[in-house]
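Enquirer: Have a look at the structure that comes next, please.
The values are calculated or read from the model by the stated rules, or taken from the named source; none is laboratory data. In this text, all values refer to a predicted model and were calculated from it rather than measured experimentally. Don't worry about glycine lacking a Cβ; one is built from the backbone with ideal geometry, like all the others, and counts go over all protein chains shown.
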Amino acid sequence: MSGDRHFFDTNILVYTFDASSPKKARRAEDLIHAGLASGLGTISYQVVQEFIAVARSRFRTPMTLEEIEVYWERTLRPLLAVHSSPSLFVSALELCRSSRLSWCDSLIVAAAMQGGCKILYSEDLQQDRRFGSLRVENPFS
């Protein structure tokens with residue numbers, strides 16, 4: 001991981017809790033830990049919402065509200081740097097149109113760009129795809 005600001009897509013956070021994929025879980029944990037330690041890791045409000053929805057409904061053992069509160073304080077809140085805004089939505093609309101991304105992916109890319117990130121860690125987008133100075137990296141490939 002470079003010394004550049006980087007953005008974590010929701011799947012990176014989710015993999016830290018995936019016991020069925022220990023290799024991915026370890027890699028995701030390492031990324032999150034390094035992002036927290038360096039202060040260069042970034043997420044958006046959308047990522048927080050998506051993570052909590054998955055943690056409450058799709059985890060083998062759903063997280064309790066108390067566990068989510070602890071995770072919020074230790075991980076999500078320190079990483080949260082990009083909030084919903086009119087400019088984020090306009091940027092996402094432009095990306096949706098010009099890059100043919102889905103709406104949710106457009107919001108993720110727009111948030112990473114708005115957060116000044118150089119790397120977007122995600123397994124949902126094409127490896128090495130570029131959006132201006134932002135590069136997509138699949139940390140599991």
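Enquirer: Residue under question is Ser2, and the condition is that it be out of contact with any helix residue (DSSP H, G or I) (no Cβ under 8 Å at 6 or more places or on another chain) and modelled with pLDDT of 95 or more; does it hold?
Expert: Answer is no for this residue.
Results for (1) within 17 Å of the chain's Cα centre (by Cα); (2) acidic (Asp, Glu); (3) modelled with pLDDT of 95 or more, shown as yes or no for each residue.
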site	(1), (2), (3)
Leu31	yes, no, yes
Ile43	yes, no, yes
Gln49	yes, no, yes
Ala55	yes, no, yes
Arg58	no, no, no
Thr64	no, no, yes
Val70	no, no, yes
Arg77	yes, no, yes
Val82	yes, no, yes
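Enquirer: If you don't mind, another one. Buried (at least 16 other Cβ atoms within 10 Å of the Cβ), within 20 Å of Ser133 (Cβ to Cβ), of a type in the set (A, V, I, L, M, F, W, C) and without any contact (Cβ under 8 Å) to a residue 60 or more places away in the chain, is that true of Ala55?
Expert: Taking the combined requirement at face value, the residue does not satisfy it.
Enquirer: Select from segment 98-133 the residues that are aliphatic (A, V, I, L, M) and assigned to a strand (DSSP E or B) and write down the one among them that is surrounded by the most Cβ atoms within 10 Å (Cβ to Cβ).
Expert: Restricting to residues being aliphatic (A, V, I, L, M) and assigned to a strand (DSSP E or B), the top hit is Leu120.
Enquirer: For segment 37-55, which positions are under 15 Å from Gly115 (Cα atoms) and out of contact with any strand residue (DSSP E or B) (no Cβ under 9 Å at 6 or more places or on another chain)?
Expert: The answer is Gly39, and nothing else.
Enquirer: Does Phe17 fit the bill of being of a type in the set (Phe, Trp, Tyr), surrounded by 13 or more Cβ atoms within 10 Å (Cβ to Cβ) and under 24 Å from Arg130 (Cβ atoms)?
Expert: no
Enquirer: Checking Ala92 against (1) surrounded by 19 or more Cβ atoms within 10 Å (Cβ to Cβ); (2) closer than 16 Å to Pro139 by Cβ: exactly one of these is not met. Which one?
Expert: (2)
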